[in-house]
1. Send over the semi-axes of the chain's equivalent ellipsoid, whole angstrom and largest first, taken as the square roots of 5 times the C-alpha gyration tensor eigenvalues.
2. Is the stretch 1-42 rounded, prolate or oblate when judged by the Cα gyration tensor, a ≥ b ≥ c being the square roots of its eigenvalues, rounded requiring a/c under 1.5 and prolate requiring a/b larger than b/c?
3. Using just the helices of the chain, give the 222 nm mean residue ellipticity in deg cm²/dmol: DSSP H runs with n ≥ 4 each add -39,500 (n - 2.57), and the total is spread over all residues, rounded to 500.
4. log10 I(q)/I(0), Debye, Cα-only the stretch 16-63, no solvent, q = 0.13, 0.24 Å⁻¹?
5. Provide the gained length on full extension for the span E62 to A49, in nm with one decimal, where the gain is 0.36 nm per separating residue minus the Cα-Cα distance.
Amino acid sequence: MTAYLVTHVKVTDPQKYQAYTALTPPALQAAGGRMLARGPAEALEGDWADGRLIVLEFPSVEAARGFYESEAYREAMKARLGATAFFDTAIVPGID
């Protein structure tokens, strides 16, 4: 069953964040994932202000978790330390 990794992030140091964005695609590809959306979110309800939304698709919850726990993605996470005010991430199963 398809799964999605959804992140709400506020970038505070764009230059430092670039290292994270450079390291993430190879980890994503290795886990069989793909990016569906990335950019400022238009808030319709709730507190989505000051952030960006990222939606990644994976073939399964296990693949999404494998991406998040992979050594390659851990290196990307280290690169983004200090570059964001928040980085909230969740895995949600698809309904297919």
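Taken together, the values in this text are just the output of simple stated rules run on the coordinates, not laboratory data. These numbers come from a predicted model, not from an experiment.
1. Working: eigenvalues 87, 69, 18 Å².
Whole-Å semi-axes of the equivalent ellipsoid: 21, 19, 10.
2. Numbers: a/c = 2.93, a/b = 1.32, b/c = 2.22.
Cα axes put the stretch 1-42 in the oblate bin.
3. On the way: 3 runs with 35 residues, N = 96.
So the helix-based figure for the chain works out to -11000 deg cm²/dmol.
4. Evaluating at q = 0.13, 0.24 Å⁻¹ gives log10 I(q)/I(0) of -0.40, -0.94.
5. Values: separation 13, 0.36 × 13 = 4.68 nm, distance 3.06 nm.
1.6 nm is the gain from fully extending E62 to A49.
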